[in-house]
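One structure is given below, encoded as structure tokens.
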Amino acid sequence: MTEARASGTPVGDRRDHGDGKAARIAGVIVVGMCAAVWWPAFTLGAWGDFFFDQLLTIWAAATGAFFVVVLFGRSRRRWWRAAALLAPSLYLAANFVVQPDAEDAATLAVAVLGALVAVLAVPTTVWVLARIIWPEFGEEVSRRRRFVVIGVVAFVAVTSFLLGANQARFMTCGEFTLSGNSEPPGCTPDSVYEE
């Protein structure tokens, strides 16, 4: 007698329950990744850079995940994941080595790496941690759902960047100041909305 029949659950319902579990896992991953990626993408759009606290938070999380993958990972692909998680550390190291010069190719390379770290390292870190914490994510979640997760996170990241780049259309300088942030270039003065 199968486990499904012994429990009184029809076989079809058991499959649907597994699909529901996969949907819940994918949903948690989407929400976590979107919550983590929106602010770095927004600041990249609004200020043209991301803040040091974001960089160091990304670095700390990615470094922690790196050690988890290296020390506890059992997958054959763990070295690829570990290499992806080293991107924030490489960016920090490159900043110590390369002296900023506006016309230097090395400075441009470091800036591009910084933008990639800001936008890609956050979801990569969350993804790797999710695969470690929930191995079912890789086993039970279909390839189509994984592409949906990536697509939604990419949509939120791009939209957040565009919102940051166009912040003057719907936010004021005072809102940034009130929240404890500096005013981004081109922000709308409060007096425009007070008249």
Among the residues that make up the stretch 53-69, is at least one of them surrounded by 14 or more Cβ atoms within 10 Å (Cβ to Cβ), closer than 19 Å to THR125 by Cα, at pLDDT below 85 and hydroxyl-bearing (Ser, Thr, Tyr)? no
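Just to check your reading of the model, which residue among ALA157, ALA82 is open to solvent by less than 40 Å² (accessible area, probe 1.4 Å), farther than 24 Å from TRP38 by Cβ and at pLDDT 80 or above?
Working: ALA157 fails: farther than 24 Å from TRP38 by Cβ.
Every option except ALA82 fails the conditions.
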Those residues that are open to solvent by less than 40 Å² (accessible area, probe 1.4 Å), touching a residue at least 12 places away in the same chain (Cβ under 8 Å) and small (Gly, Ala, Ser), I need them from the stretch 24-52; list them, please. ALA26, GLY32, ALA36, ALA41, GLY45, ALA46
From the list SER75, SER89, exactly one residue is open to solvent by less than 50 Å² (accessible area, probe 1.4 Å) and over 21 Å from GLY114 (Cβ atoms). Which is it? SER75
Please work out if ARG143 is open to solvent by less than 80 Å² (accessible area, probe 1.4 Å) and at pLDDT below 90. no
Within the stretch 108-124, residues at pLDDT 75 or above and among the β-branched types (Val, Ile, Thr) come out as VAL110, VAL112
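If you go through the stretch 76-95 one residue at a time, do you hit one that is part of a loop (DSSP other than H, G, I, E, B) and among the basic types (Lys, Arg)?
yes
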Candidates PHE42, PHE50, PHE67, filtered to the one that is outside any helix (DSSP H, G or I) and either among the hydrophobic types (A, V, I, L, M, F, W, C) or touching a Leu at 6+ places or on another chain (Cβ under 6 Å) (or both): PHE50
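The values are calculated or read from the model by the stated rules, or taken from the named source; none is laboratory data. Fair warning: this is a prediction, and the values are worked out from it, not measured in the lab. Every residue, glycine as well, gets a Cβ built from its backbone with ideal geometry; the counts of neighbours run over all protein chains shown. Accessible surface is based on the protein model in full, side chains and every heavy atom, while ligands, DNA and RNA are left aside. Shrake-Rupley method; radii C 1.70, N 1.55, O 1.52, S 1.80 Å.
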